[in-house]
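The values are calculated or read from the model by the stated rules, or taken from the named source; none is laboratory data. Predicted model, so just to flag it, every value in this text is computed and none were measured. Glycine gets a Cβ as well: all are built from the backbone with ideal geometry, and neighbour counts include every protein chain shown. Heavy atoms of the whole protein, side chains included, go into the accessibility calculation; ligands, DNA and RNA do not. Shrake-Rupley method; radii C 1.70, N 1.55, O 1.52, S 1.80 Å.
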Amino acid sequence: MYVAEGQCGHGVRACLLITMTIAGPHRLLRILVDPRKADRDFMGPIGHELQHPVEVLSNRTVRSDSEIILLYHRAGDEWTHQFETEAAIRAGVAVRGELQESAAAERRE
C-alpha cells in the first residue's frame, strides 16, 4: 500500500483509490491524502482510509479494480461515488479518540 499526496475531489481529506496494481505476487493499493488541510483532526480520516486496504487485501481473490467494487457491493455497503464500512468508520473514530485523549493529557501536564 502506498500513501501519496493528492486531492480526492469529493470534499474528503483522504481516500482509497479504487485502483489495484499487480506486481508479481503483490497487490498494490494507493491512498491519497490532502496535506493542505492538515491539522490534528486530519489523522482520523487517515486512520479511516487505512482500514479499507486491510479489508481489500484480506480477500486474496480481489485482484482488480472491478473486484474491489464487487467486494464492497457484495458486502452490502452503500455504493454511490464512494464506499463506507463500519470497520473504517470505527477506525477513524478510534484514532480521533486517541488523539483527543493525548491532547487532554498534554493540557494536564
Query - Tilt relative to the chain, helix 65-74 - C-alpha long axis, 0 to 90 degrees, to 10 - result: 70
**Report entry** Length gained when the stretch residue 101-residue 67 is fully extended (0.36 nm per residue, less Cα-Cα span)
**Finding:** 8.4 nm
**Report entry** Listed values [x] 14.3; [y] 14.9; [z] 13.8, entry calculated as Kirkwood radius over Cα pairs in Å
**Finding:** [y]
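Can you tell me what share of the DSSP beta bridges in the chain is antiparallel? A percent to the nearest 5 is fine.
Details: 7 of 11 bridges.
Of those bridges, close to 65 percent are antiparallel.
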Query raised in the report: Residue by residue through the stretch 85-96, which ³J(HN,Hα) values in whole Hz follow from phi under the Karplus form 6.51 cos²θ - 1.76 cosθ + 1.60 (θ = phi - 60°), with glycine and proline marked x?
Result: 9, 4, 5, 5, 4, 4, 5, x, 5, 4, 5, 4
Report task. Using a 1.4 Å probe over the heavy atoms of the protein chains, calculate the carbon and sulfur portion of the accessible area of the chain as a whole percent. Result -> 53
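Using helices alone, I'd like the mean residue ellipticity at 222 nm for the chain: each DSSP H run of four-plus residues gives -39500 (n - 2.57), total over residue count, nearest 500.
Values: 3 runs with 48 residues, N = 109.
So the helix-based figure for the chain works out to -14500 deg cm²/dmol.
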Query raised in the report: Between the helical axis of 43-57 and the dominant principal axis of the chain, each derived from Cα atoms, what acute angle in degrees is found, rounded to the nearest 10?
Result: 20
Requested in this report: Specify which residue in the list 68, 92, 8 is farthest towards the positive end of the charge dipole of the chain, using unit charges on the beta carbon of Lys, Arg (+1) and Asp, Glu (-1), about the Cα centre.
Outcome: 68
Query - Whole-number accessible area per residue in Å² for the chain, which is evaluated in the context of all protein chains at 1.4 Å - result: 64
